[in-house]
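Peer 1: Got a structure for you, questions after.
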Amino acid sequence: METMAKMWGQLGSITATVMFFYAMFDKFFPPPLRVYIRTYTKKLTSLINPYISIKFSEFQGERMKRSEAYTTIQTYLSANSSERSSRLKAEVVKDSQTPLVLSMDDNEQITDEFQGVKLWWCAGQLDVKHQSFSVYPASDVKCFYKLTFHRRHRDVVTRSYIQHVLDEGKAIATRNRQLKLYTNNPSSSWYGWKRTKWSHVVFEHPASFDTLALDPKMKEDILKDLVKFQKGKEYYAKVGKAWKRGYLLYGPPGTGKSTMIAAMANFLNYDIYDLELTAVKENAELRKLLIETSSKSIVVIEDIDCSLDLTGQRKKKKKDKEEGSKGAVKKALDEDEEVKESKVTLSGLLNVIDGIWSACGGERVIVFTTNYVDKLDPALIRRGRMDKHIELSYCCYEAFKVLAWNYLDVESHHLYTRIEELFQDTQMTPADVAENLMPKSVEEEAETCLERLIEALETAKLEAKKKAEEEAKKKAEEEEEEAKKKAGEEEAKKKANEEETKKKAEEGVKENGELSEKEKENK
Ligand SMILES: Nc1ncnc2c1ncn2[C@@H]1O[C@H](COP(=O)(O)OP(=O)(O)OP(=O)(O)O)[C@@H](O)[C@H]1O
Ligand SMILES: [Mg+2]
């Protein structure tokens with residue numbers, strides 16, 4: 001079959017030569033006759049050649065833009081050809097996990113199969129001579145891929161196969177790409193030569209759901225939710241909902257909110273857009289920033305309570321400023337000035353979220369984090385905006401076991417029983433547990449680290465007990481004070497009442513005396 005395809009390929013080249021020959025004859029034949037000859041030549045060759053070819057060129061359009069289809073096909077063929085092809089070429093591909101990507105060499109051919117249909121891909125090059133000057137520099141060599149198949153499979157190829165190649169190619173590119181962490185630039189640097197709203201670095205956080213210390217049930221629930229979202233394109237389309245999902249992560253500092261965002265990005269293979277709201281001057285800027293985020297991304301707003309004037313945090317800053325030293329005052333003043341400049345409002349943020357949710361392409365996750373969930377405006381975190389609320393709290397025994405495995409490679413130990421007991425009534429954040437478990441030198445044994453943790457847990461337990469006792473004592477004192485105050489008030493009230501009654505009684509006696517005097521006079 002391959003030989004046949006080659007044969008027909010050669011026949012195609014002969015046909016091209018014949019066509020060229022006829023073109024030369026353009027000079028000798030009058031136009032009506034030329035059209036007639038060309039039409040019948042094409043019909044004749046297609047009668048003989050049962051194979052159809054489709055060419056995908058590397059560059060397209062007047063500006064010679066690199067064709068997206070060509071790049072996607074290249075990715076698809078790279079994944080499928082490196083094992084099957086004997087002649088390969090290596091290329092450095094930007095933003096790919098593997099710096100060297102192997103693809104089929106020029107004039108090399110590979111066979112592909114789809115729904116029982118056999119197809120041939122061939123890579124080729126064309127030398128192009130530029131006769132005119134262009135402002136868009138273009139290479140003299142134009143690469144292309146040629147797809148050949150039997151004409152009886154035309155429908156399968158044009159309706160399904162090409163789409164399959166493009167989808168697969170995109171999926172492979174997504175799997176292989178390097179994740180990026182974006183941060184928003186202040187609007188003063190949006191214009192001019194650089195013109196970027198977001199700056200990025202390669203995202204290489206090692207966090208994963210395996211290393212995240214969480215209650216196993218909770219972890220499973222979150223993973224299921226993420227998978228459902230990622231595979232939910234059809235579902236979201238069916239229910240008429242934009243393909244977006246909002247998560248609210250809340251809990252005390254050091255409980256793994258930021259770590260979970262990194263784990264989410266690695267799990268979903270999404271880029272992260274870390275949105276610093278205090279650097280955004282107004283709602284319109286916020287909208288522009290969010291519109292520029294790509295799909296397959298997580299937009300993160302950390303410490304949402306401190307980013308907006310929702311909770312009085314700004315007032316706190318002002319207070320700090322008043323209390324601080326001279327240098328600190330200047331810094332706080334500057335900061336305050338910046339915050340004052342930001343006119344992003346809650347309603348603006350809500351509008352942008354809802355607008356962006358429904359207006360631009362899907363597959364976006366938005367994550368808010370906060371230490372104080374109670375302080376947030378219910379409008380901001382209602383379901384539909386923040387679909388899933390995840391509480392990250394103090395470390396439990398199950399979470400400790402994950403951390404011990406991560407940090408010490410220990411699955412079980414005789415000290416675990418004591419640690420389990422301590423975790424039942426002691427609160428310690430995973431960050432503190434991790435810090436205690438981390439060996440302080442290369443020689444330090446796992447047992448020493450576990451003992452350090454036990455000591456820290458016991459201290460924390462004692463401190464918590466002491467604190468609880470102090471609070472109870474304080475509360476009792478306050479209650480006693482209150483009771484005394486109440487008793488004093490009641491005593492004073494009672495006294496006042498008694499005096500009132502006495503006064504009234506005296507006035508009554510006096511009135512009676514006056515009355516009897518008058519009666520006497522009348523008589
Ligand atoms: N659940 C966890 N699993 C694994 N490591 C954790 C977890 N929680 C905290 N850590 C460790 O503690 C460090 C601090 O955690 P992280 O920054 O995620 O906390 P956070 O909740 O975002 O805190 P903050 O509210 O102050 O931003 C991390 O570098 C990580 O190593
Ligand atoms: Mg954090």
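Peer 1: If you roll a 1.4 angstrom probe over the protein chains with everything in place, what fraction of the accessible area of region 403-518 belongs to carbon and sulfur, to the nearest %?
Peer 2: 49 percent
Peer 1: Averaged per residue, what accessible area in Å² does region 199-308 show with a 1.4 Å probe, protein chains only?
Peer 2: 46 Å²
Peer 1: A follow-up question, please. Label points 7 Å out from Cα along the Cβ direction at A237 and E514: separation in nm?
Peer 2: Each label point lies 7 Å from its Cα, and together they span 9.8 nm.
Peer 1: Then there's this: Of K118, K142, K296, K233, which has the most accessible area and how do the rest follow, probe 1.4 Å?
Peer 2: Most to least solvent-accessible, the answer reads K233, K118, K296, K142.
Peer 1: A further question on this structure: With each label point set 7 Å from Cα along the Cα-Cβ vector, what nm distance links E506 and R38?
Peer 2: Going by the 7 Å Cα→Cβ label model, 12.8 nm.
Peer 1: Given R₀ = 56 Å, what would the calculated FRET efficiency be for A483 paired with E68, taking r from the Cβ atoms and rounding to 0.05?
Peer 2: That gives a FRET efficiency of 0.10.
Peer 1: Still on this structure, I have one more. Using 28 Å as the Cα-Cα cut-off, could you pick out the over-long pairs in K296/K388; K217/K466; K142/K296; K197/K238?
Peer 2: Those over the limit are K217/K466; K142/K296; K197/K238.
Peer 1: Keeping all protein chains in place, calculate the accessible area per residue for region 426-469 (probe 1.4 angstrom), answer in Å².
Peer 2: Solvent-accessible surface per residue comes out at 63 Å².
Peer 1: While we're here: Carbon and sulfur atoms: what percent of the 1.4 Å accessible area of region 189-256 do they account for?
Peer 2: Carbon plus sulfur share of accessible area: 57 percent.
Peer 1: I would also like to ask the following. Is the shape of region 143-221 best called rounded, prolate or oblate, per the rule: a/c under 1.5 gives rounded, else a/b larger than b/c gives prolate, else oblate, with a ≥ b ≥ c the square roots of the Cα gyration tensor eigenvalues? Please list the in-between numbers first.
Peer 2: Working: a/c = 3.56, a/b = 1.41, b/c = 2.53.
Oblate.
Peer 1: So the label point goes 7 Å from the Cα of L223 along Cα→C-beta, right? Which residues of region 393-408 then have their backbone N under 14 Å from it?
Peer 2: Flagged as within label range: 402.
Peer 1: A follow-up question, please. Could you tell me which of rounded, prolate or oblate describes region 203-303, using a ≥ b ≥ c as the square roots of the eigenvalues of the alpha-carbon gyration tensor, with rounded for a/c under 1.5 and, failing that, prolate when a/b is larger than b/c and oblate otherwise?
Peer 2: Oblate is the answer for region 203-303, as a/c is 1.5 or above yet b/c matches or exceeds a/b.
Peer 1: Right, something else. Once you place label points 7 Å from the Cα toward the Cβ at E469 and L47, how far apart are they in nm?
Peer 2: About 10.7 nm, to one decimal.
Peer 1: Provide R287, R364 ordered by accessible surface of protein heavy atoms (probe 1.4 Å), highest first.
Peer 2: Largest to smallest exposure gives the sequence R287, R364.
Peer 1: Further question: At 1.4 Å probe size, what's the solvent-accessible area of I272? Round to the nearest 10 Å².
Peer 2: My reading of the accessible area for I272 is about 10 Å².
Peer 1: Can I ask one more? Could you work out how much longer the chain between I54 and E443 gets when fully extended? Use 0.36 nm per residue separation minus the Cα distance between them, nm to one decimal.
Peer 2: On the way: separation 389, 0.36 × 389 = 140.04 nm, distance 6.49 nm.
Fully extending the segment from I54 to E443 adds 133.6 nm.
Peer 1: Compute the FRET efficiency between H389 and Q427 as 1/(1 + (r/R0)^6), taking r as their Cβ-Cβ distance and R0 = 25 Å, and round to the nearest 0.05.
Peer 2: 0.75
Peer 1: Mind running the shape call on region 411-523? Use the C-alpha gyration tensor, a ≥ b ≥ c as the square roots of the eigenvalues: rounded below 1.5 for a/c, prolate if a/b tops b/c, oblate otherwise.
Peer 2: Prolate is the answer for region 411-523, as a/c is 1.5 or above and a/b outweighs b/c.
Peer 1: For region 419-460 and region 480-519, what is the separation of their C-alpha centers, rounded to whole Å?
Peer 2: The two parts, judged by their Cα centres, are 68 Å apart.
Peer 1: If you don't mind, there's one more thing I want to ask. Mind giving me the FRET efficiency for H205 and A476? R0 is 51 Å, r the Cβ-Cβ distance, nearest 0.05 is fine. Show your work: numbers first, answer last.
Peer 2: Numbers: r = 48 Å, r/R0 = 0.95.
With R0 = 51 Å, the Cβ-Cβ based efficiency is 0.60.
Peer 1: Can you tell me which of 436-448, 476-488, 160-172, 391-403 comes out highest on packing, and rank the rest after it, using the mean Cβ neighbours within 10 Å?
Peer 2: Order by mean packing, descending: 391-403, 160-172, 436-448, 476-488.
Peer 1: Could you put L380, L346 in order of accessible surface area, largest first, with the 1.4 Å probe and the full protein assembly present? Provide the component values of the computation, followed by the final result.
Peer 2: Values: L380 0, L346 35 Å².
The residues order as L346, L380, largest area first.
The values are calculated or read from the model by the stated rules, or taken from the named source; none is laboratory data. What you see is a predicted model; the values in this text were computed from it and never measured. Note that we place each Cβ from the backbone using ideal geometry, even for glycine, and neighbour counts take in every protein chain shown. Note: areas computed on protein heavy atoms with side chains; ligands, DNA, RNA excluded. Shrake-Rupley method; radii C 1.70, N 1.55, O 1.52, S 1.80 Å.
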